[in-house]
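Have a look at the structure below before the remarks.
Laboratory data are not the source of any read-out in this text; all were calculated from the coordinates shown. These numbers were taken from a predicted model, which means no experiment stands behind them. As a convention, Cβ positions derive from the backbone with ideal geometry for all residues, glycine included, and neighbour counts pool all protein chains shown.
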Amino acid sequence: MIAVRNFTFSYPQAREPALKDIDWVIPDGQFVLVAGPSGSGKSTLLRSLNGLIPHFSGGSLSGNITVDDVDTVLAGPRLLSRIVGFVAQDPEAQAVLDQVEGEIAFALENAAISPTEMRVRVEETLDLLGLTPLRSRSLSTLSGGERQRLAIAAALALRPHILVLDEPTSQLDPQSAEDVLRALVRLNEDLGLTIVLAEHRLERIARYADRLTWLEDGRIVADGPVRTVLAQINAGPPIVQLGRALGWQPLPLTVKEGKSFAEDIPVPQTLEVETSAVPGPPLLEVNGLRFAYNGQQTLRDIDLSIGAGEAVALVGRNGAGKSTLLKCIVGLLRPQSGDIQVSGQSVRNRPVADICRDVGYLPQNPDDLLFAETVIDELRVTLQNHHLPESSADLDSLLRRLKLTGVDASYPRDLSVGQRQRVALGAVTVTRPRLLLLDEPTRGLDAATKASLVAVWRDWLAEGAAILLVTHDVELVAMIADRTIMLSGGEIIAAGTTRDVLTSSPHFAPQIARLFPNSGWITPADVLKHIQP
Amino acid sequence: MTFDARAWLIWLFVGGLMAILTSNPLYLALLLFISRMVEGACAPIDANGWRLPFWRISLAVLVFSTLFNMLMAHVGHTTLFSLPTSWPLVGGPLTLEAAVYGFLSGLRLVTLLSFFLAFNTIVPTHEMAGLTPRALHELGLIMLIAITYVPETMHQFRRIRDAQAIRGHQFDSLRAWRPVIIPLLIAGLERALNLSETMVARGYGSTTQVKTPPRARLLMFAGLLLALGGAIRLAWGGVDGWLIMVIGMLAIVLAYRELSRLFVHTRYRPRRWMLFDTLIALGALLVMFPLLPVPGFDRLSLAFSPYPELGLPPFDLWIGVMFLGLAMPALIVAIYSSGVEASS
Amino acid sequence: MLAIVIGLVALAYPFIMRMIASSRADAAMLGSSEVPFLTGVLISLCLAVLLVELQGHVAGAKTVAALGIMIAVTSTLRFIEVGIPGPGGFSPIFAPIILGGYVFGPRFGFLLGAMTLLVSAVITAGVGPWLPYQMFTAGWIGLVAGGLPHPRRPRVEIALLIGFGFLWGFVYGFIMNLYTWPYLTGDPLITWTPGAGVAEAVRRYVAFYLTTSFLWDAAAAVGNVVLLAALGLPTIRALTRFRGRMQFQVFHQVPNP
């Protein structure tokens, strides 16, 4: 049992406490979701359950936390590691050793468990997480999802009966995330492990959890059964948003639960075809593109065209060739045949820097871009790279658009994830490119941050920019993309309006499309517009 | 068929020591041959792609050392030709003996290299890291972490380089690498913080500093002083210097043992020491046998000097036979694989 | 503690010199073959003692992880030497060792230097008899860098580090040559008069050094200078930002009301 009593905590040199007066009791065997906007104190709360706070971070606190009647502050993380297993966010920064079995055994070696006992425990942990086939693999050959399951296995090796996970799926694609979450559900149901999980993909996990604790600004704002809490707060997957808007009781958490309510809503017989603005002249044209890497065809006969003011989404499984296509467009990879034209000019034989003056490419990890001392310098560097003049009025207006005005003199690395993402966006768009390529721009972001980014993109689209968006997030696609292209094995297997493409594939269909098949609706807003015109 | 890294370490030590101790070209050639043969027999098939261009380096070393000694040492009776004595250092007679001497020095270095190269190729990286003594457990862990994160860092390096390239960055000067190196470093340090958090959460060590117990420290420093003293004694010509040095080394080993007791730690599936490993170790130690003051070996034949006049190097058959002990790994592999073939 | 370390190391080097010299003067017992072996053994023993002594000071997950990953980053730089354009004898690993030692202190510096050489030798299959010397010298670079004064003004700071890097480009080569020298040249000098031993040995060593590696080391020194000048200050800033977070260990608890 975990008992948090009147717990307040401040990081060293912080003006405000990160956690304020937390009272929280978790009985054994419960599956608890901890959610809330980024910066609300989720990570801090989870880290105080195994003594990392304050033993690892420093800081001052009052109140107390006991886990199985052990005081976390007095005991410290080493002792608690046998009671509480901990898994952090980044799958790439949790491996100590280079080999799967060895990594699981690391904790056991430190605890000086006897070799025979250790064999048994490593075996059982490998089995629990389905890692047996990977047992002798080197870590650098594992995918993100496999690594994250390995991190869970390593945390479980000491046989703790509480498992604490801090957004373990935020860096993963949906399929891997699903695997990880399913493993957690099994651990909870079969072994009765207490699980405390911070997560923002509520749609996948909400129905399995016993309880949702919603944090805002370092306080618990709502706490209780998932359904009850979701009814009180302004968040959740599309089906919950719709259910809340239409006052469905009890609030549906899954498409299945929503079906009975959906039957009462008449679906239009004829699809209303929205005449979206006719796209302007094409900003990007790709014809007959082929690319092979190490003799393996990764892109085959790609044709696509994006006009001004248009947003196109590129979806598909991992390894389908999405990122390869983006890299071909900016010239980082040179295709074997086919032609790519940006603003009517072929990119062949043009250096990367030259192409990128016309194309803003936001790479998957925004931190890869950031190195300057201040946010404003980060923008200036790009201008200097292109030998462009800088005007402070332009820079100011860009910062204002990106909602970075107050932090222009801060060190970029100290900002929040969402802010860093916006700084990186600023750094690649300061040359005012008309074509934007976005690679997984919302990975690991919470709903609010996502919404603010979408608002910025909409502004740009309205001004005649074009966006090519690579993402796994179908709800994001439904929100912003006019057209969607589906890639598989390096080939385009479906292309058309977002509505058509997403509703035709059950795998990629958003929740609302699955709830109302053949309706053409893909977002809660579509439904609401129909019944409340 | 693989052998324990510790057995290989003994093999390497003896091979290297022999290569240093003998200056007789016949023995050196034998050692060189044995080490190449063992590498050929025992190297894993999927040995990592990049290899030291051994023969090219060897040739360079031999040519350089021959020429260098010929130009610098003007002793020996067989003068090949002469340079004007007014030239500093190189001036004087250039002799055949000096050339041969230089060649032999080079050959010794090449043989030594050959043993190390065989060791590098045969023993996998993680087993090499596993050789860290237990008293140096922390450093061994640091090494393992570093090895784990090198491929990761390479990957990250490429990613950051691409990311900077697409914002128009051009890598035209050294300073231009700043936007790659700095994010790489910061990302690394951030990762280090996350990693250490994970380690603590998995019950890694204490967060307090471990003090070296005074006794172990005393032993170590005494050992070091003794070793130093022994070496000085040797330089002055006292044979007992060896003994003093060995005592010094033993003291340090003892200190290590003492320290290793402080670390409560077990190992997952430690590699078991097998009969074959014993054979390899014994085979290697056999080679040291002629060094002991036992009768029946012509120990003087180990040393060979072309000065003052070049002669034929002596060769003691029994010492040569003993050297074959270093070929034990190749022998075992040969017997083993023929056994596998026969049975299949 | 530090005094002991420095004393030890200081002892070791003149000793090696003297030993080579005296073996020359009175070389009846010691052939050229034992000299490199003995120096190798002594250096290894010194390393063994130093490493275990310093290890006690890096215990703690943060330092272990930071060292591990700094070493990984530095060794990676060694791989991508081709990527960073530079003159012949120069290796980009020394600048990070100097900067790491400078920011995180002498102990961290020593381990960073020594372990970087060890790790990169292990992963590039470059373990050789020279390894203890390399580890020792590189560690020594980090150690001394950690003992440098920290001037306030960035210009002075970087000038100091650049000068230091330049100097060590040569010192590193000089010490590494001590290792190859006894192998390549040796007892032709036996025939020389014993009295002339030391002076002659030094004279010949200098000749050896000048002919073999002066240019090579000059490239190394210049490479260090260029690298430190280009990347020194931002690296120091980045490392200093982390120093606070890395070295933090204490916390205080407000008692329950």
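To the nearest ten degrees, helix A:447-462 and the longest principal axis of the Cα atoms of chain A are 10 degrees apart.
With only Cα atoms counted, the range B:135-201 has Rg and Dmax values of 15.0, 50 Å. Not counting the cut sites, what is the longest span of chain A without GluC sites (Glu not before Pro) that DSSP labels loop and that have at most 11 other Cβ atoms within 10 Å? With GluC sites (Glu not before Pro) excluded where exposed in loops, chain A gives A:1-262 as its longest stretch. Of all DSSP-defined beta bridges confined to the range A:2-236, some 55% are antiparallel rather than parallel. Arranged from fewest to most other beta-carbon atoms within 10 Å of their beta carbon, A:I2, B:I145 become A:I2, B:I145. Principal axis extents of the Cα atoms in the range A:389-458, from largest to smallest and rounded to whole angstrom, are 34, 28, 17. Take each residue of peptide B:106-119, count the partner chain Cβ atoms within 10 Å of its Cβ, and average: the result is 3. So what does log10 I(q)/I(0) come out to for the range A:45-188 at q = 0.09, 0.13 Å⁻¹, using the Debye formula with one equal point on every Cα and no solvent? After summing over all Cα pairs, the log10 values are -0.27, -0.57.
Here chain B is assigned +1 on the Cβ of each Lys and Arg and -1 on the Cβ of each Asp and Glu. Its dipole about the Cα centre then comes out at about 1220 debye. Across the range A:44-52, computed HN-Hα scalar couplings (Karplus, 6.51 cos²θ - 1.76 cosθ + 1.60, θ = phi - 60°) run 4, 4, 5, 6, 7, 6, 10, x, 4 Hz from first to last residue, x flagging Gly and Pro. Helical content of chain A, expressed as a calculated mean residue ellipticity at 222 nm, amounts to -10500 deg cm²/dmol (DSSP H runs of 4 or more residues, -39,500 (n - 2.57) each, divided by residue number, nearest 500).
If you wrap the protein assembly as shown's Cα atoms in a convex hull and average its projection over all directions, what's the area in nm²? Here the figure is 51.3 nm², rounded to one decimal. Size check on chain A: the Cα extents along the three principal axes, sorted descending, read 69, 56, 49 Å. Ordered by the number of other Cβ atoms lying within 10 Å of each residue's own Cβ, fewest first, A:W457, A:W521 fall into the sequence A:W457, A:W521. Amide H contacts under 5 Å for A:G496: A:T484, restricted to partners 5 or more places along the chain or on a different chain, H placed in the peptide plane at 1.01 Å from N.
Taking the C-alpha atoms only, the angle from helix A:144-156 to the longest principal axis of chain A is near 10 degrees. Highest mobility in the GNM of chain B, judged by mean-square fluctuation with C-alpha springs under 10 Å and restricted to B:R158, B:R167, B:R272, is found for B:R167.
Against the main long axis of the alpha-carbon atoms of chain B, helix B:5-21 sits at an angle near 30°. Distance between the C-alpha centers of the range A:1-37 and the range A:412-459? Whole Å please. Distance between centres, Cα-based: 30 Å. Sorted ascending by nearby beta carbons within 10 Å, beginning with the fewest, A:D28, A:D368, A:D394 become A:D28, A:D394, A:D368.
As a ratio to 2.2 N^0.38 Å, the alpha-carbon radius of gyration computed for chain B takes the value 1.28. Residue by residue along A:224-237, Cβ atoms of other protein chains within 10 Å of the local Cβ number 0 on average. The 3J(HN,Hα) values that the Karplus relation (6.51, -1.76, 1.60; θ = phi - 60°) gives for the range A:73-79 are, in residue order, 5, 6, 6, x, x, 5, 5 Hz. Gly and Pro appear as x. Remark: the range B:214-261 projects, on average over all directions, an area of 2.7 nm² (convex hull of Cα atoms). Summed over qualifying helices (DSSP H, 4 residues or more, each -39500 (n - 2.57)) and divided by its residue number, chain B shows a 222 nm mean residue ellipticity of -21500 deg cm²/dmol.
Cross-link check: pairs A:K256/A:K450; A:K322/C:K62; A:K322/A:K450; A:K403/A:K529; A:K42/A:K529 evaluated at a Cα-Cα cut-off of 32 Å; pairs beyond the cut-off: A:K322/C:K62; A:K42/A:K529. Counting Cβ atoms of other protein chains within 10 Å of each Cβ in A:424-432 and taking the mean gives 1.
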